[in-house]
Amino acid sequence: MSVSQLLVFPNPVNEKAARVVAAGVVVLAGLTLVTQWWWLSVVLAAGFATRVAGGPRFSPLGRLAVHVVAPWFGRPRWVPGPPKRFAQTVGLVTSTAAALSALAFGATTAASVLLGVLVVFATLEAAVGFCAGCWAFGQLMRLGVIPEETCAACNDLSLRRGDPEREGATQPA
């Protein structure tokens, strides 16, 4: 298997699994804030990095969400993958900035603010299914910053709830 085959983000994504991952992010970021164990922000950033690179394939939290927890919530609810990858990238940038702020520069207040923002948006995703990164992705598409062909299902609502098997979509490993 080639590197390009390994580094494929799933499309579509099970929204229920994404919400479970968001809940895990809330727990880990919250634990970091409460304990001030800033090394946990590196673990958080590494998790985001693995999910950006290959979806749940390399992420222990992602695999737990996809294969163990999300199935408890019934049939998958498929949503487009590109906005979820964008959201994971925003999480990677935010958690990396928090880790660097705390560990490299001793700026724990800045790190706390960054992780606090991450907790707020991950809580929105986990609790009510609002993905702020996905929303931002949609706004960037509307502005033409992200080309429409990046996510056909983002513009065609009929593709969002269709049968991914019928549409030739790939499922996560």
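The values are calculated or read from the model by the stated rules, or taken from the named source; none is laboratory data. Predicted model, so just to flag it, every value in this text is computed and none were measured. Every residue, glycine among them, receives a Cβ derived from its backbone with ideal geometry; neighbour counts consider all protein chains shown.
Please go through region 2-38 and give me each residue that is of a type in the set (Phe, Trp, Tyr), modelled with pLDDT of 95 or more and closer than 20 Å to PRO76 by Cα, ordered by number. Selection gives nothing. With the requirement that a residue be crowded, with 21+ Cβ neighbours inside 10 Å and of a type in the set (Gly, Ala, Ser), what does region 76-110 give you? Answer for region 76-110, where residues must be crowded, with 21+ Cβ neighbours inside 10 Å and of a type in the set (Gly, Ala, Ser): GLY81, ALA87, GLY91, SER95, ALA98, ALA99, SER101, ALA102. Please verify whether ARG57 is basic (Lys, Arg), at pLDDT below 95 and in a helix (DSSP H, G or I), treating the condition exactly as stated. When the stated conditions are applied, ARG57 passes them.
For region 100-107, the criterion of being polar (S, T, N, Q) and over 17 Å from PHE48 (Cβ atoms) is met by no residue.
The condition (being without any contact (Cβ under 8 Å) to a residue 24 or more places away in the chain and buried (at least 23 other Cβ atoms within 10 Å of the Cβ)) is satisfied by just one residue among LEU114, LEU44, LEU40: LEU114.
Of all the listed residues (ALA46, ALA29, ALA18), the sole one being over 19 Å from ALA104 (Cβ atoms) and of a type in the set (Gly, Ala, Ser) is ALA18.
Here ARG19, ARG63 are screened, and the one residue that is closer than 12 Å to ALA126 by Cβ and either of a type in the set (D, E, K, R) or touching a helix residue (DSSP H, G or I) at 6+ places or on another chain (Cβ under 6 Å) (or both) is ARG19. Return the pairs, sorted by first residue and then second, in which the second residue is surrounded by fewer than 23 Cβ atoms within 10 Å (Cβ to Cβ) and modelled with pLDDT under 95, the first residue lies in region 75-94 and is among the β-branched types (Val, Ile, Thr) and part of a helix (DSSP H, G or I), the beta carbons are less than 7 Å apart, and the residues are 6+ apart or on different chains. Filtered contacts from region 75-94: no entries. When VAL66 is tested against (1) surrounded by fewer than 23 Cβ atoms within 10 Å (Cβ to Cβ); (2) touching a residue at least 12 places away in the same chain (Cβ under 8 Å); (3) aliphatic (A, V, I, L, M); (4) assigned to a helix (DSSP H, G or I), just one condition goes unmet, and that condition is (1).
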